[in-house]
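Where a number appears in this text, it was derived from the coordinates with a stated rule and is not lab data. Since the model is a prediction, treat every value here as computed from it, not as a measurement. Cβ: placed from backbone, ideal geometry, glycine included. Neighbour counts: every protein chain shown.
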C-alpha cells in the first residue's frame, strides 16, 4: 500500500511539472528575457515585402536624407536615413489626449537590424509626434503637435538619439495665441535650414538657421535670410512650398519630401 501511495505521488509531481500552465509560464519568461535585448532580428524577405506594402510615404530632403513613413494596422513609424547604412526609426501607437508612446531604434547596416536606443519612458518626447530627422550621426530633431498656445514643439538630440531635450524657439507676442503643429527641420546644407510651425493653412511661422540648428530666427513670407528665400501658395486646398536656396529652387507639397526644380 505504501509503495502504491509513493508511486501516485511521484506521478503527480511529474504531471504537474509538465502541465500547460508551467509551459506557458516558461514561454512568457523566455519572451521577457528576449525583450531585454535591444535588437530587432534580421528581416526576412517576406517581412521586407510586407514593410514595402505598408509604406505610406517616402522621399528625400534637399541634403539627401531619406524619409520613410509606415502605417501598419495599430502601429505607425517614421524612419530617417542619413546614408545607406545609418538610420533611425520611431515606432508609435495611437495618439490619445495628445500623448503618443513611442520606441526609438537605430540601425548601422541599412535596416537589417535595429537597436532600441530610447523611448517615451526615458527622454523621447511623449507628445503627439509629427516627424523625426537627423542632420548627421549625432544631431537630430523630433517635432510635436500639442494644444499648448505659443509653443514650438522641437526636441533635439546631440548624441545620436540616446538623449533628447526640448529646444526653445521664441514665439512673438502677437502669435502667442496660436496652437502650432511643428514639422521636422528641413536643411539645404549642413548649416542652413528652415523650421515650420503651422496653425492653420497659411497661418504659419517659418524660422531659419544658419548654424546647423543651434539657433532659429523668424523670417517673414517671401523674404530672404542668407541664401534662403521662401514662399508658400494654396494649391487645391493644399500648400505648395517653394524655397530658393543659393539660386536653386526646391518645392514640396508636404514639407517632408522636396524636389529640385530647374
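For the reader, a short list of remarks on this structure follows.
- Going from the residue with the fewest nearby Cβ atoms within 10 Å to the one with the most, 262, 148 rank 262, 148.
- Overall dimensions of the range 89-158 by Cα: Rg and Dmax, Å: 12.6, 41
- A simple packing score, the average count of other Cβ atoms within 10 Å per residue, orders the peptides 81-87, 151-157 as 151-157, 81-87, with the highest score first.
- Computed over the range 39-261: relative contact order in percent, which uses C-alpha pairs under 8 Å that are six or more apart: 13 percent
- Ascending count of other beta-carbon atoms within 10 Å, so fewest first, for 97, 127: 97, 127
- Rounded FRET efficiency, nearest 0.05, which uses the C-beta distance separating residue 249 from residue 85 and R0 of 22 Å: 0.10
- Note on the range 39-261: the alpha carbon radius of gyration divided by the globular reference 2.2 N^0.38 Å gives 0.99.
- Exposure proxy ranking, count of Cβ atoms within 10 Å, fewest first, for 92, 183: 92, 183
- Note on the range 205-230 and the range 125-201: Cα centroid distance 14 Å, given to the nearest whole angstrom.
- Across the range 52-112, Cα pairs under 8 Å and at least six residues apart give a relative contact order of 23 percent.
- Dimensions of the range 188-262 from C-alpha coordinates, computed as largest minus smallest value along each principal axis and given longest first, are 35, 30, 20 Å.
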